[in-house]
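The values are calculated or read from the model by the stated rules, or taken from the named source; none is laboratory data. These numbers come from a predicted model, not from an experiment. Reconstructed Cβ throughout: ideal geometry from the backbone, glycine too, with neighbour counts over all protein chains shown. Calculation scope for accessible area: heavy atoms of the full protein, side chains included, ligands and nucleic acids excluded. Shrake-Rupley method; radii C 1.70, N 1.55, O 1.52, S 1.80 Å.
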Amino acid sequence: MDPSQIIIPVELLPSDGRFGSGPSKVPAAALDALARSGKSLLGTSHRQPTVKDLVAELRRGLAELFRLPEGYEVLLGNGGATAFWDAQVFGLIESKSQHLVCGEFSSKFAQAVAMADHLEDPEVISSEPGSAPTARRAGDVDVYALIHNETSTGVALPVERPAPEGLVTVDATSAAGGLHVEPAEFDVYYFAPQKGFASDGGLWFALCSPAAIERIEKIAASGRYIPPSLDLKTALENSRKDQTYNTPALATLFLMERQVAWMNSNGGLDFSAGRSARSAAILYRWTEESEVASPFVTDPRFRSNVVGTIDFADHIDAKQISAALRANGILDTEPYRKLGRNQLRIAMYPAIDPEDVERLTHSIDHVLGALTDV
Ligand SMILES: *Cc1c(COP(=O)(O)O)cnc(C)c1O
């Protein structure tokens with residue numbers, strides 16, 4: 001049967017069909033507001049008050065959302081989370097880092113460090129996709145590289161300091177805004193705007209503790225070669241002036257600011273993480289009732305509230321489900337390409353309405369019925 005011929009009844013369809021894990025759903029109201037900004041924002045200088053005030057509001061909003069303690073600062077720059085890995089290679093790791101690796105994204109950062117001649121080989125603690133590794137205290141490690149949510153597998157890990165000394169940097173690209181976190185447990189919590197913050201790609205944000213700022217300044221003063229676009233001292237100086245070293249994407253800033261303001265005005269992280277938790281409860285409860293679907297992450301403690309990965313029984317082809325969903329306007333439920341599992345991956349970021357996750361499960365049930373009813 002051709003799955004694209006399956007028609008899902010309108011009453012079962014989510015109100016918004018975007019379930020991709022990144023880029024992810026941008027609320028239509030934010031897009032309308034961007035269009036309404038007309039001639040006032042896009043196409044104007046990022047060195048003038050209109051854009052600087054927007055950046056200031058965003059930095060202030062993030063500090064409020066994460067209840068950053070005195071002395072923590074919000075840095076930003078261009079290039080997304082991937083560029084921030086390289087920035088850490090040059091500007092945060094003194095000589096040796098330890099990495100938790102449990103999927104594609106955490107592994108890419110460890111590889112970037114391993115290629116750097118000026119650093120020692122990183123210590124890598126890895127676990128099978130779908131499970132979570134644990135960091136351990138090590139005397140020679142000056143950066144512990146954790147990941148809050150491994151987007152490729154749907155594993156959420158605890159953010160806890162493994163040792164009293166050494167910086168803790170956390171890749172929170174898909175976690176930020178959708179999962180609770182305690183600032184005392186990290187020195188750098190970094191992310192890009194196209195996942196939990198319902199914006200577009202291209203920028204990185206990093207919530208930095210005083211110890212992280214001290215490290216940035218120390219390495220910058222050491223004479224180490226640092227490419228200017230990856231220089232965190234430069235990013236620090238520009239961020240303090242609500243600017244970036246080079247031109248940022250203004251639409252990305254605008255959309256992200258809308259989302260952070262929406263989260264804060266509704267109650268902050270309790271509200272936004274609460275929405276993801278509600279969506280996740282709906283999704284995983286549905287798998288319990290399903291005879292053919294089950295969570296890929298077998299240990300419930302590590303099951304993500306922001307990215308759900310759902311395996312299907314062998315006699316069901318998950319590719320046909322995602323194809324049928326796609327034909328009905330439900331997009332990007334395909335699994336992470338390199339994971340190669342018989343799976344759907346479903347984003348449950350705060351922007352995604354828990355009711356739409358409920359409707360998605362009904363839509364999948366409808367498709368399953370049509371696929372097996374031959
Ligand atoms: C998407 C993602 C990245 C890469 O983000 P870019 O903005 O594309 O560089 C890194 N880490 C995690 C956990 C991600 O989900």
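Scanning the range 4-46 for residues that are over 28 Å from the mean Cα position of the chain (by Cα), assigned to a loop (DSSP other than H, G, I, E, B) and either surrounded by 10 or more Cβ atoms within 10 Å (Cβ to Cβ) or among the aromatic types (Phe, Trp, Tyr) (or both) gives Ile6, Ile7, Ile8, Pro9, Thr44, Ser45. For residues that are within 21 Å of the chain's Cα centre (by Cα) and outside any loop (DSSP other than H, G, I, E, B), scanning just the range 191-211, find the one that is farthest from the ligand (Cβ to nearest atom). Checking each candidate, the answer is Cys208. No other residue among Ala87, Ala112 is touching a Leu at 6+ places or on another chain (Cβ under 9 Å), within 12 Å of the ligand (Cβ to nearest atom) and open to solvent by less than 30 Å² (accessible area, probe 1.4 Å) apart from Ala87. Which condition number in (1) open to solvent by 40 Å² or more (accessible area, probe 1.4 Å); (2) within 20 Å of Thr151 (Cβ to Cβ); (3) not hydroxyl-bearing (Ser, Thr, Tyr) is the one that Gln320 fails? Failed condition: (2). Of the set (1) in a helix (DSSP H, G or I); (2) under 20 Å from Ala175 (Cα atoms); (3) among the charged types (D, E, K, R), all apply to Glu358 but (2). Within the range 161-188, the set of residues being farther than 22 Å from Val113 by Cα, more than 16 Å from the ligand (Cβ to nearest atom) and open to solvent by 20 Å² or more (accessible area, probe 1.4 Å) comprises Pro164, His180, Glu182, Ala184, Glu185. Scanning the range 297-317 for residues that are assigned to a loop (DSSP other than H, G, I, E, B) and open to solvent by less than 20 Å² (accessible area, probe 1.4 Å) yields a total of 4. Considering each of Ala212, Ala221 in turn, give the residue that is at negative phi, open to solvent by 60 Å² or more (accessible area, probe 1.4 Å) and hydrophobic (A, V, I, L, M, F, W, C). Result: Ala221 is the single residue among Ala212, Ala221 that is at negative phi, open to solvent by 60 Å² or more (accessible area, probe 1.4 Å) and hydrophobic (A, V, I, L, M, F, W, C). Tell me, yes or no, whether the range 64-77 has at least one residue that is part of a strand (DSSP E or B), within 14 Å of the ligand (Cβ to nearest atom), modelled with pLDDT of 95 or more and in contact with a Phe, Trp or Tyr (Cβ under 8 Å, 6 or more places away or on another chain). Yes, the range 64-77 contains at least one residue that is part of a strand (DSSP E or B), within 14 Å of the ligand (Cβ to nearest atom), modelled with pLDDT of 95 or more and in contact with a Phe, Trp or Tyr (Cβ under 8 Å, 6 or more places away or on another chain). The single condition from (1) under 20 Å from Leu207 (Cβ atoms); (2) free of Cβ contacts under 8 Å to residues at least 12 places away in the same chain that Phe90 fails is (2). On the stretch given as the range 55-74, residues that are in contact (Cβ under 8 Å) with a residue 24 or more places away in the chain and surrounded by fewer than 12 Cβ atoms within 10 Å (Cβ to Cβ) total 2. Would you check if Leu75 is touching a Cys at 6+ places or on another chain (Cβ under 6 Å) and closer than 25 Å to Thr234 by Cβ? So Leu75 passes the test. Scan (1) among the hydrophobic types (A, V, I, L, M, F, W, C); (2) part of a loop (DSSP other than H, G, I, E, B); (3) in contact with a strand residue (DSSP E or B) (Cβ under 7 Å, 6 or more places away or on another chain) for the single condition Ile346 breaks and write down its number. Unmet for Ile346, out of (1) among the hydrophobic types (A, V, I, L, M, F, W, C); (2) part of a loop (DSSP other than H, G, I, E, B); (3) in contact with a strand residue (DSSP E or B) (Cβ under 7 Å, 6 or more places away or on another chain): (2).
Checked against (1) part of a loop (DSSP other than H, G, I, E, B); (2) touching a Phe, Trp or Tyr at 6+ places or on another chain (Cβ under 9 Å), Thr134 passes all but a single condition, namely (2). Restricting Lys52, Lys96 to those that are more than 16 Å from the ligand (Cβ to nearest atom), charged (D, E, K, R) and open to solvent by less than 40 Å² (accessible area, probe 1.4 Å) reduces the list to Lys96.
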